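*Asks:* What follows is a single structure, and I will ask about it in a moment.
The values are calculated or read from the model by the stated rules, or taken from the named source; none is laboratory data. Since we're looking at a predicted model, the values are computed, not measured. Methodologically, a virtual Cβ is constructed for each residue, glycine included, from the backbone with ideal geometry; neighbour enumeration extends over all protein chains shown. Only protein heavy atoms, including side chains, enter the accessible area calculation; ligands, DNA and RNA are left aside. Shrake-Rupley method; radii C 1.70, N 1.55, O 1.52, S 1.80 Å.
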Amino acid sequence: AVVSTQSGHYGRDPRSVQCELGLRFDDWYYNQATDKNVGTALSRIDDIDLQLRNFRGLRASQLAIERTVCPEAERWEEVVGEVRYVKPWIEQVRKEKAEADAWDNY
């Protein structure tokens, strides 16, 4: 399955910007600026996953400033086998919010 983005196809195209910067799908798809639930979900993930996410984000920023790409060994080229480390937490937060809203509107 290919995930379409505005800048290209993430997953099968190893030349996509996200892949070249070494970002995983969940690193750029779930963004606190676009979804208020992401902050809550990120507070629930394992500390090592959060540290790795922050490292990949900072490294991607540095690579973008330097106008270079990360080594091929560190690029994520396929979404199919990738572990979605934020998605389960986002889904849980959204379910909890929907349940709370249902109780508030009861």
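Quick grid of which residues meet (1) open to solvent by less than 80 Å² (accessible area, probe 1.4 Å); (2) part of a helix (DSSP H, G or I); (3) at negative phi; (4) touching a helix residue (DSSP H, G or I) at 6+ places or on another chain (Cβ under 7 Å):
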site: LEU23; (1), (2), (3), (4): yes, no, yes, yes
site: ASN31; (1), (2), (3), (4): yes, no, yes, yes
site: LEU50; (1), (2), (3), (4): yes, yes, yes, yes
site: ARG53; (1), (2), (3), (4): yes, yes, yes, yes
site: LEU58; (1), (2), (3), (4): no, yes, yes, no
site: THR68; (1), (2), (3), (4): yes, no, yes, no
site: ALA73; (1), (2), (3), (4): no, yes, yes, no
site: GLU96; (1), (2), (3), (4): yes, yes, yes, no
site: ALA100; (1), (2), (3), (4): yes, yes, yes, no
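*Asks:* Looking at (1) touching a Pro at 6+ places or on another chain (Cβ under 9 Å); (2) of a type outside the set (A, V, I, L, M, F, W, C); (3) in contact (Cβ under 8 Å) with a residue 60 or more places away in the chain, find the lone condition where GLU72 falls short.
*Replies:* Of (1) touching a Pro at 6+ places or on another chain (Cβ under 9 Å); (2) of a type outside the set (A, V, I, L, M, F, W, C); (3) in contact (Cβ under 8 Å) with a residue 60 or more places away in the chain, only one is false for GLU72: (3).
*Asks:* If you go through region 33-48 one residue at a time, how many are part of a loop (DSSP other than H, G, I, E, B), open to solvent by 50 Å² or more (accessible area, probe 1.4 Å) and either touching a strand residue (DSSP E or B) at 6+ places or on another chain (Cβ under 8 Å) or of a type in the set (Val, Ile, Thr) (or both)?
*Replies:* 1
*Asks:* Now for a separate question. Are any residues in region 19-71 under 26 Å from GLU96 (Cα atoms), at pLDDT 90 or above and of a type in the set (S, T, N, Q), and if so, which ones?
*Replies:* Those that are under 26 Å from GLU96 (Cα atoms), at pLDDT 90 or above and of a type in the set (S, T, N, Q): ASN37, THR40, SER43, GLN51, ASN54.
*Asks:* Looking at (1) at pLDDT 80 or above; (2) of a type in the set (Val, Ile, Thr); (3) open to solvent by less than 80 Å² (accessible area, probe 1.4 Å), which one does VAL2 not meet, given that it meets all the others?
*Replies:* Failing condition for VAL2: (1).
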